[in-house]
Every structure is written in structure tokens, then in C-alpha cells.
Amino acid sequence: MTSMLLMVICHAEAADFETAKEAVKNMGVGWNLGNTLDANVQKVIDITDANYWGQQGLESETCWGQPKATKELIKMMKEAGFGTIRVPVTWYNHLDKDGNVNAEWMARVKEVVDYVIDEDLYCIINVHHDTGADSYSNGVLTGAHWIHADEDNYKANKERFEFLWKQIAETFKDYNNKLLFESYNEMLDKLNSWCFASFSASGQYDATIATSAYNALNSYVKSFVNVVRASGGNNAQRNLIINTYAAANGSGTWNTHLKEPLTKLTVPTGEKNHIAVEVHAYPSIVNGNSDKTITYIKSETKELMDGLNTNFVSKGIPVIIGEWGTSNVDAKETDYDARRSLMLLFVEDFVKQAKALNIATIYWMGLSDGSFRSIPAFNQADLAKRIAKAYHGSDFEGKYPTKDPNASTTIFEGEQMLAWGTAITVAASNFTNMEDNAVVEVSYKQKHVEDYGMFQFWYADWSSKIKIYVDGKEFDSDFNPGDYYNTEDGTEHVTQFTFDTSTFTNIKKKGILFQGNGIVVTKVELKKSGSSGINDAIINQNSDGAIYNLRGQRITSPSKGIYIQKGKKFIK
């Protein structure tokens, strides 16, 4: 009797699920928690090598310079008027060679999803940078993705892909209708073609490659849907999302194949009521050396929306624009910085046109970025407000907190071993409003590799190394804390790095990153110069009991009020 009652309850819950059409209409405007759970670093690029799998632990969340996600950040987005949070997740770096998801990683993904669901927001989770464009340097492969739109690739990875989604589906099968699953992110063919399949650098269309790509993509779709539905629970009617090839939106007239990503996608039979299609959109609001007019931009947006309406919406298949912004949204000089008034007009019109067709729009990653997320606060408050008002109406009053530009902010906190190819990035947005006397304060431990430990600071675009100062001493190249402080391996330090005015001007545009060797970073903070006096107040204690200030000077009688660093705790 009890089991029968439970079955009735489960069926009732599933029956109460919205259709995909209703859900997408109710999502409103959303935001991507980007460069967070999707962040990853590859040291092994050969997917046939067992070491390709599970290359990172929980530290991957912050390896691209974003702080750990918090429930306070999600609450801020809700109060600003955003109804959906897309949580991109990369999995390969947390799978073992047999495809098992690391339990701690799954628990962290679940924790972040709970932040969103607890705020009664829609949440989308996906398989993100397991797909994408492989990277090359001088013809040599430097980064590889295991999922491609290619029939041979599908045959090789079908079992692993299905097993991954089986684990995700099982973990979340009891969640309510506010949680949606997205099959994959931007799946590309073996040529890494954007826009449409087989569009190689030569511009030659290869029908064989294109056919293989679209067939494989549709096979991945079937695998995704079948596995989720078979997992039972609320997954029987959970709303699912399938992406077009490359998440391409079909806009443009420069090639006759541009519409193929829309026309070649096959929605599985019987899934019409609980499936949505996702595309991405990053149009340019610049035409050559001049800005486009808002009239022209609106006409391009209309062409995009008309295509989505013709191919999907008018046929009863709802559409989500899962990522959008402009083509310069992540550039060195973003449209927000260079042409803000036009950018604001663009986002307002984009949201309004999408809303008219009940298309949900989920903005890519900006609005609150870098250290602003840890406060939490907006670094593009006016842009967030314009997006929210475009959807909710001009009388909508959300909350858009900003930060004191000179307040201390934690950029990173955890444990990150610096090694070649493993860098901590601090986005330019973190410095935009800071005064030129700002400092980067790093807490770390010497953990020498082959008796050598050092830092290198670079601009985030890798254009050149950055000249830094420690205690007024200039360093054009490597900074070796063991040599500078005359300390042994295992010593913990807190060092403030400062910059000259011209360097800081470039940092505001490009951001910074630091890589190194034999250094375990535990915390990175931005501070106003002179805000802590830390180089005088903090001293290190070696294993022999001797204590030193951060200039490497031995202290025999610590003054009252000085803090001694012992282990990882500060003792007064």
C-alpha cells in the first residue's frame, strides 16, 4: 500500500511539470555563472591517455580567476530581476578513466544547483567544455575536447557520454521542474568549424564531413534524451534542452549553409512537449572602423529572431538563447567600455524582441565578474538594470549593489599549486574602478620543485611580462621568494605586489595572471595601497622556531600587536 502511494505521489509530481513552452516563457532573463564550474586546465591533451581524465580537483572552480560561487551571489541576481541561472559544468577533468564522476565534484555541482533552486529560480546544468574547438599552436595540438560532431567520435564516446548523463540524471532526478538539463554546449565537427558543419579555414564546404557532423549530433541528442528519460523520477518529464550544431543561430546571408544548424537538428519523436532548443548569439555592433546604427542593429536582431521563429517557435518548439552578448563581450576592449550607450540600446532591444516570441535570454557571464562576485556586487550595474527593465518594464525596481572601488577584495581562496601552464588570472574588471595605488596581495607557501620556486606576472592576454615591485624593489622578471626572504622550503608568506602607473593603466585594460613554479597559492586579495601594512605586521616562523618579517629580517623580540604566522593561523 505504501509503495503504491509513493508511486502515485511521484506520478503526480511529474504530471505537474510545466511544458517546455511554459517553462521557457517563465524563465524571463537569465545569467550565466560562467568561467566557474566550467573552468578547466589541460596538462594532458591526448584523450586516449588515461591521464587525460580527472586532471583536476575542486580547485578547478577558481582556476580561471573567478571566486567560488556563493548563495549570496545567486540571491543578488534574483533581486536584480533575473529568473534563470545557467550553470555551465565541465566534466572530463573530474571523470576517472572509466567515466565515473568524482564524488566531491558531483557534490559541489549539487551544492551550486541548490543555491539556485533554493531561490526558486530556474537552473540549467550542462556538459560544457567537454565540447568545443580544439586549440593549436604552430600546428601543434595544445587543447583537446573529447566530444565532437563526428560519427566516428560518437561511436567511440557513446558509452562514456551516456554513462555521464546517467550519473547526472540519477543525482538530480528528484529535483522539481525548475531544473533543466542541457545536453552539451557548442559541439563542433572534426575541423572545429563554427557557423555550420565543415566550414573550415579554407572556406570549402565538404558535404561528407557535414553529413557526418549532423548525424553524430543527432545521435548524441538521442543518447542524452534516452538516458535521462530512463532514469525515472521527475526526469520522466523533466524539460530538456538540445543545442544546434555549434549552438549556431542561423543568422547571416554570406553563405547558403548558415541555416543548416537549424534545419538539420532533429527533435526526438515524442519529446515536443518537454524539449527546448538552444542557440547562442554574439552579434557585432561594430561595422569596420565605425559603430553600427541602432536601427541597423535592430534589423539584424529581427533577422535572427525571425529565423528562430520560423524554424522552431512557430512549430511549437520553444527556444532559449543560452548565451548572448556582443562579439566584443570578452575582448580586450569590450563594447561595454568602448561604446556603452550603443551597448545599452542593443541589449534593451534584444531582450524585447526575444520576449515578444517567448524566447528566454541568458546573458553570458558579465554583469558581475571576478572579485565583484565574492562581495557580491555588480561591476556592470547599469547593463544589468537595462536588461531587467527591458523584460520586466521600465517601472521595475531591482537591486544592483556596487562595491567601494578601494575596498579589499578576495580574488582567490583555496590551494593552487603554480606550475608551467597553470596560472591564476585576475580579470581586468577587478581593477577598472580602483585607484592606481592598488596592490595584489598573495598568501602562499614555498614548495620548491627541484629547489626552485618563483612567480611570473603577465598581462592576461599573455602579451608581455609585468614589471612588479615588492617593498619598493623592482623586478622585471622572476620573483623568487626563497631568495628574496632568505627562507627555506615550506615557509609561508604574504607578499604585496605593486605596479607603476603606466603598468596599472594596462592592467585595467587587460587584467593580469601569474604563473610560476614551486609555489602553492592559498589566497589572492586586491587592496588599496597602505590598507594593511602587512609587510611589517606579518612575520614567518620557520621549523627551527626562528621568525622573520617579510623582508627576510630575523626578529628576536616581536612587538606587541604584531601577528605571528604559525601554520595557517595568525596568532596575536
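Residues of segment 310-327 being surrounded by fewer than 23 Cβ atoms within 10 Å (Cβ to Cβ) and not aromatic (Phe, Trp, Tyr), which ones?
Matches in segment 310-327: THR310, ASN311, VAL313, SER314, LYS315, GLY316, ILE317, SER327.
Examine segment 150-158 for a residue that is closer than 23 Å to ILE47 by Cα and at pLDDT below 95, and state whether such a residue exists.
No, segment 150-158 contains no residue that is closer than 23 Å to ILE47 by Cα and at pLDDT below 95.
Where residues in segment 284-301 are part of a helix (DSSP H, G or I) and in contact (Cβ under 8 Å) with a residue 24 or more places away in the chain, which of them is most open to solvent (accessible area, probe 1.4 Å)?
Across segment 284-301, the extreme among qualifying residues is LYS298.
Can you tell me which residue among TRP53, TRP64, TRP91, TRP31 is of a type outside the set (D, E, K, R) and modelled with pLDDT under 95? Working first, answer last.
On the way: TRP53 fails: modelled with pLDDT under 95; TRP91 fails: modelled with pLDDT under 95; TRP31 fails: modelled with pLDDT under 95.
The unique qualifying residue is TRP64.
Inside segment 507-526, can you point out the residues that are surrounded by 20 or more Cβ atoms within 10 Å (Cβ to Cβ), more than 20 Å from SER408 (Cα to Cα) and modelled with pLDDT of 85 or more?
The one that is surrounded by 20 or more Cβ atoms within 10 Å (Cβ to Cβ), more than 20 Å from SER408 (Cα to Cα) and modelled with pLDDT of 85 or more: ILE519.
Just one of (1) over 30 Å from VAL24 (Cβ atoms); (2) in contact with a helix residue (DSSP H, G or I) (Cβ under 7 Å, 6 or more places away or on another chain); (3) open to solvent by 50 Å² or more (accessible area, probe 1.4 Å) trips up LYS399, so point out which.
(1)
Taking segment 228-278 on its own, how many of its residues are in a helix (DSSP H, G or I), surrounded by fewer than 20 Cβ atoms within 10 Å (Cβ to Cβ) and aliphatic (A, V, I, L, M)?
2
Could you pull out the residue among VAL112, VAL41, VAL89 that is out of contact with any helix residue (DSSP H, G or I) (no Cβ under 6 Å at 6 or more places or on another chain) and within 22 Å of LEU240 (Cα to Cα)?
VAL112
Just checking, does segment 315-324 include any residue being of a type outside the set (Phe, Trp, Tyr) and out of contact with any strand residue (DSSP E or B) (no Cβ under 9 Å at 6 or more places or on another chain)?
The answer is yes, given that some residue of segment 315-324 is of a type outside the set (Phe, Trp, Tyr) and out of contact with any strand residue (DSSP E or B) (no Cβ under 9 Å at 6 or more places or on another chain).
For segment 328-362, enumerate the residues that are open to solvent by 50 Å² or more (accessible area, probe 1.4 Å), under 14 Å from PRO283 (Cα atoms) and part of a loop (DSSP other than H, G, I, E, B).
ASP330
Limited to segment 189-222, what total is found for residues that are on the phi < 0 side of the Ramachandran plot and either open to solvent by 40 Å² or more (accessible area, probe 1.4 Å) or part of a loop (DSSP other than H, G, I, E, B) (or both)?
19
Residues are listed down the side, and each one gets a yes or a no for (1) under 30 Å from GLU441 (Cα atoms); (2) in contact with a Cys (Cβ under 9 Å, 6 or more places away or on another chain); (3) among the hydroxyl-bearing types (Ser, Thr, Tyr):
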residue: SER314; (1), (2), (3): no, no, yes
residue: ILE317; (1), (2), (3): no, no, no
residue: GLN353; (1), (2), (3): no, no, no
residue: MET365; (1), (2), (3): yes, no, no
residue: GLN380; (1), (2), (3): yes, no, no
residue: SER408; (1), (2), (3): yes, no, yes
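Please pick out the residue among ASN287, ASN328, ASN273 that is at pLDDT below 95 and within 24 Å of the chain's Cα centre (by Cα).
Within the list ASN287, ASN328, ASN273, the selection yields ASN328.
Answer yes or no: is there a residue in segment 363-378 that is part of a helix (DSSP H, G or I), among the β-branched types (Val, Ile, Thr) and touching a strand residue (DSSP E or B) at 6+ places or on another chain (Cβ under 9 Å).
Checking segment 363-378: not a single residue is part of a helix (DSSP H, G or I), among the β-branched types (Val, Ile, Thr) and touching a strand residue (DSSP E or B) at 6+ places or on another chain (Cβ under 9 Å).
Residues to consider are ILE294, ILE275, ILE209; find the one that is closer than 30 Å to PHE163 by Cβ, out of contact with any strand residue (DSSP E or B) (no Cβ under 9 Å at 6 or more places or on another chain) and among the β-branched types (Val, Ile, Thr).
Result of the check over ILE294, ILE275, ILE209: ILE209.
With respect to the numbered conditions (1) β-branched (Val, Ile, Thr); (2) open to solvent by less than 50 Å² (accessible area, probe 1.4 Å); (3) modelled with pLDDT under 75, which one is the sole condition not fulfilled by VAL449?
(2)
Identify all residues within segment 164-176 that are open to solvent by 10 Å² or more (accessible area, probe 1.4 Å), within 18 Å of ALA107 (Cβ to Cβ) and not hydroxyl-bearing (Ser, Thr, Tyr); write none if there are none. Walk me through it before giving the result.
Of segment 164-176, the ones open to solvent by 10 Å² or more (accessible area, probe 1.4 Å) are 166-167, 170-171, 173-176.
Next cut, within 18 Å of ALA107 (Cβ to Cβ) only: 166-167, 170-171, 173-175.
LYS166, GLN167, GLU170, LYS173, ASP174 - these are the residues of segment 164-176 that are open to solvent by 10 Å² or more (accessible area, probe 1.4 Å), within 18 Å of ALA107 (Cβ to Cβ) and not hydroxyl-bearing (Ser, Thr, Tyr).
For segment 177-188, state whether one or more residues are over 30 Å from TRP105 (Cα atoms), touching an Asp or Glu at 6+ places or on another chain (Cβ under 9 Å) and open to solvent by 30 Å² or more (accessible area, probe 1.4 Å).
No: segment 177-188 contains no residue that is over 30 Å from TRP105 (Cα atoms), touching an Asp or Glu at 6+ places or on another chain (Cβ under 9 Å) and open to solvent by 30 Å² or more (accessible area, probe 1.4 Å).
Collect the residues in segment 142-160 that are under 23 Å from the mean Cα position of the chain (by Cα) and surrounded by fewer than 21 Cβ atoms within 10 Å (Cβ to Cβ), keeping them in residue-number order.
Taking segment 142-160 as the starting set, the residues that turn out to be under 23 Å from the mean Cα position of the chain (by Cα) are 142-149.
Answer for segment 142-160, where residues must be under 23 Å from the mean Cα position of the chain (by Cα) and surrounded by fewer than 21 Cβ atoms within 10 Å (Cβ to Cβ): THR142, GLY143, ALA144, TRP146.
Counting just the residues of segment 363-373 that are touching a helix residue (DSSP H, G or I) at 6+ places or on another chain (Cβ under 8 Å) and either without any contact (Cβ under 8 Å) to a residue 60 or more places away in the chain or open to solvent by 10 Å² or more (accessible area, probe 1.4 Å) (or both), which one comes out nearest to ILE424 (Cα to Cα)?
So in segment 363-373, the residues touching a helix residue (DSSP H, G or I) at 6+ places or on another chain (Cβ under 8 Å) come out as 363, 366-373.
Keeping just the survivors that are either without any contact (Cβ under 8 Å) to a residue 60 or more places away in the chain or open to solvent by 10 Å² or more (accessible area, probe 1.4 Å) (or both) gives 366, 369, 372.
Values: GLY366: 19, ASP369: 15, PHE372: 16 Å.
The extreme case among them is ASP369.
One line per residue, one yes/no per condition, for (1) free of Cβ contacts under 8 Å to residues at least 60 places away in the same chain; (2) small (Gly, Ala, Ser); (3) on the phi > 0 side of the Ramachandran plot:
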site	(1), (2), (3)
TRP462	yes, no, yes
LYS467	yes, no, no
PHE475	yes, no, no
PRO481	yes, no, no
TYR484	no, no, no
GLY490	yes, yes, yes
VAL494	no, no, no
PHE497	yes, no, no
ASP500	yes, no, no
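For LYS259, work out the one condition from (1) farther than 24 Å from MET365 by Cα; (2) out of contact with any Gly (no Cβ under 6 Å at 6 or more places or on another chain); (3) touching a residue at least 24 places away in the same chain (Cβ under 8 Å) it doesn't fulfil.
Among (1) farther than 24 Å from MET365 by Cα; (2) out of contact with any Gly (no Cβ under 6 Å at 6 or more places or on another chain); (3) touching a residue at least 24 places away in the same chain (Cβ under 8 Å), LYS259 violates only (2).
The values are calculated or read from the model by the stated rules, or taken from the named source; none is laboratory data. Model, not experiment: these values are computed from the prediction. Please note: Cβ atoms are built from the backbone with ideal geometry, for glycine as well, and neighbour counts cover all protein chains shown. The accessibility values were calculated without ligands, DNA or RNA, using every heavy atom of the protein model including side chains. Shrake-Rupley method; radii C 1.70, N 1.55, O 1.52, S 1.80 Å.
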